[in-house]
Every structure is written in structure tokens, then in C-alpha cells.
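Enquirer: First the structure, which I've put down as C-alpha cells, then a few questions once you've had a look.
The values are calculated or read from the model by the stated rules, or taken from the named source; none is laboratory data. Only a predicted model underlies this, so the values are computations on that prediction, with no experimental measurement involved. Here the Cβ is made from the backbone with ideal geometry for all residues, glycine too, and neighbour counts use every protein chain on show. Note: accessible area is taken over every heavy atom of the protein model, side chains too, but ligands, DNA and RNA are not part of it. Shrake-Rupley method; radii C 1.70, N 1.55, O 1.52, S 1.80 Å.
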Amino acid sequence: MSEKEIKDERLEEDVEKIEELEVVEEKEEDGKKEENGLEKEVEKLKIELEDWKNSYLRKQAEFQNFTKRKEKEFEDLKAFASEKIIIKLLDIIDNLERGITASSETKDFDSLVKGVELTLSQMKGTISSEGVKAIVTEGELFDPHHHMAVAVEDSEEHKNDEIIAELQKGYKMKGKVIRPSMVKVCKKS
């Protein structure tokens, strides 16, 4: 091989090495670009995660505030639930007081009885408007869901388990028994 061929061969090897170095440098630059891209993506994800975390904490605080507000509203509702009925009852108390005052001045017993009857009628109207109804017992069979048997008696005029007498009225409010009727029940021996 001639000197020129050796030089050309070395030159070709050098060119190949330079090309290999350029490829390596390009790969390193691409790697750095990828690395920079990954770093940017990681930063972006960190920011997004922080936003989600803050949003979650805000929502959690809002929910706690909502829960506290609803609990307070419920407590207020319980505390003042009877306000409407109390206002209606105050009118009835006023009528009773007026009746007593008028009766004591006139000494008229019949007017007092009539006033009490009117006031009782007003009271029944008030509780009726709230959904309260008397439980019917006359001629009914004993039902432990509606009646409380406080006495039993053997009676020829009544069937077994038939109510003989109502000793205290029972009431339902909107279908729910709020006070069972106290009754005397027929029990055949």
C-alpha cells in the first residue's frame, strides 16, 4: 500500500470516527432534550398534582362547612319545631283567661260552661289542623297497636276482645299513634 492509500484509509477512518462522534453527540443532545422534556413533564405533573390537592382540600373544607351548617339548621328546627302550634295554643289560653275573667265578674255558670265548650272546640280544631285525630274505640275489637288494655271484664253483651269502655282517648298524628286509647276489654272466661 502506498502512502497515499494509507493516508486515504486513515482519513476515511478519521471521517468515520468523526461521523460516529457526531452521531453520539446527536444522541446525547437528543437524550438531553428528552431529559429536559421529561423534567418539564414531571414539573407539569407536580403542578397539576398540587392543583388537585388544593382543590380536594377546598372541597373537603366546603363539605365540612356544609355539614356544620346543616347540623345547626337541624338543631334550630328541633328547637323551634313546636313554635307554630304554641302560637295557636296561646290564642286558646287567651280565650280561657277571658272566659274566667268574664265568669268571675258575672258569676254566670252557664256562660262559663259555654265558653269552655267553645274553647275546647277551638282546641280540637287546632290539633286537627296539625293532623291529630282521635282513635275510634266504640264497638271496635282490641288492637294492641292502637289501644292499651287497663282492665278486663266478662260481659254477655260484648264479643271476646271487644272494647267495653274507653277510659282515656287515644290519638294519632298523621297516621302514627302518639297516645294509645286506654280501654276496658271484654274477656270471656
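Enquirer: Answer yes or no as to whether E138 is part of a loop (DSSP other than H, G, I, E, B), within 14 Å of K187 (Cβ to Cβ), modelled with pLDDT under 90 and open to solvent by 50 Å² or more (accessible area, probe 1.4 Å).
Expert: no
Enquirer: Let me ask something else about it. Which of the numbered conditions does V183 fail, given that it passes all the others? Conditions: (1) touching a residue at least 40 places away in the same chain (Cβ under 8 Å); (2) in a loop (DSSP other than H, G, I, E, B); (3) not charged (D, E, K, R).
Expert: For V183, the failing item is (2).
Enquirer: Just a yes or no: is a residue in region 113-125 under 20 Å from R179 (Cβ atoms) and in contact with a helix residue (DSSP H, G or I) (Cβ under 6 Å, 6 or more places away or on another chain)?
Expert: Within region 113-125, one or more residues are under 20 Å from R179 (Cβ atoms) and in contact with a helix residue (DSSP H, G or I) (Cβ under 6 Å, 6 or more places away or on another chain).
Enquirer: Give me the pairs: first residue in region 46-72 and open to solvent by 100 Å² or more (accessible area, probe 1.4 Å), second residue in a helix (DSSP H, G or I) and modelled with pLDDT of 95 or more, beta-carbon distance under 7 Å, and six or more apart or on different chains, which are they?
Expert: Listed by first residue and then by second, the contacts come to nothing, as the list is empty.
Enquirer: For region 151-189, name all the residues that are open to solvent by 80 Å² or more (accessible area, probe 1.4 Å) and of a type in the set (K, R). Give the steps one after another, and end with the answer.
Expert: Here is the first cut: in region 151-189, the residues open to solvent by 80 Å² or more (accessible area, probe 1.4 Å) are 152, 156-157, 159, 167, 169, 174, 176, 178-179, 187-189.
K159, K169, K174, K176, R179, K187, K188, listed by residue number.
Enquirer: Quick one: E50 ticks every box in (1) under 39 Å from the mean Cα position of the chain (by Cα); (2) acidic (D, E); (3) within 30 Å of V132 (Cα to Cα) except a single one, so which number is it?
Expert: Condition not satisfied by E50: (3).
Enquirer: So, of the residues in region 82-95 that are of a type outside the set (K, R) and open to solvent by less than 70 Å² (accessible area, probe 1.4 Å), which turns out to be nearest to V132 (Cα to Cα)?
Expert: I85
Enquirer: For region 128-143, which residues satisfy the criterion of being free of Cβ contacts under 8 Å to residues at least 24 places away in the same chain and closer than 18 Å to E166 by Cβ?
Expert: Across region 128-143, the qualifying residues are V136, E140, L141, D143.
Enquirer: Among the listed residues T101, T119, T126, which satisfies the condition of being assigned to a helix (DSSP H, G or I), hydroxyl-bearing (S, T, Y) and either over 29 Å from K172 (Cα atoms) or at pLDDT 95 or above (or both)?
Expert: Selected residue: T101, the only one of T101, T119, T126 that is assigned to a helix (DSSP H, G or I), hydroxyl-bearing (S, T, Y) and either over 29 Å from K172 (Cα atoms) or at pLDDT 95 or above (or both).
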